[in-house]
Amino acid sequence: VQLQASGGGLVQPGGSLRLSCAASGKIFGGNVMGWYRQTPGKQRELVADILNNGAANYADSVKGRSTIARDNAKTTMYLQMSNLKPEDTAVYYCKLSNRGVHFWGQGTQVTVSS
């Protein structure tokens, strides 16, 4: 399984951004896809994840400002983030968990700065 993340960039505080993650390879049903983020010196943290039935879970820090979605036909996941804050600055990683095996995509940098 390979994951390709895209959509990061530089955005001003209060702005919006959409991240995408495309999965390819042998993927079984019942999997979970998620977005994580990491800043230097800190552990990678969950931003949001979503089951393939659409049930989603959000970190408190992004709840109400972010929406995670997935297109099962295309095995693609999205994270729409709005009202971005400087503390959202991080490298964002997508992850797919499938039958107890975890796959990570390469990170995409999100920088929130004026």
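Just need a number here: residues in segment 33-76 that are open to solvent by 50 Å² or more (accessible area, probe 1.4 Å) and in contact (Cβ under 8 Å) with a residue 24 or more places away in the chain. Of the residues in segment 33-76, 4 are open to solvent by 50 Å² or more (accessible area, probe 1.4 Å) and in contact (Cβ under 8 Å) with a residue 24 or more places away in the chain. The set of residues in segment 1-32 that are open to solvent by 50 Å² or more (accessible area, probe 1.4 Å), at pLDDT below 95 and outside any strand (DSSP E or B) comprises Val1, Gly25, Lys26, Phe28, Gly29, Gly30.
Residues in segment 84-102 that are open to solvent by 50 Å² or more (accessible area, probe 1.4 Å), in contact with a strand residue (DSSP E or B) (Cβ under 9 Å, 6 or more places away or on another chain) and touching a residue at least 60 places away in the same chain (Cβ under 8 Å): Lys85, Pro86.
The values are calculated or read from the model by the stated rules, or taken from the named source; none is laboratory data. Since the structure is predicted, the reported quantities are computational estimates derived from the model, not experimental observations. Cβ sites come from the backbone with ideal geometry, for glycine too, and all protein chains shown count toward neighbours. These accessible areas exclude ligands, DNA and RNA; they are computed on the full protein's heavy atoms, side chains included. Shrake-Rupley method; radii C 1.70, N 1.55, O 1.52, S 1.80 Å.
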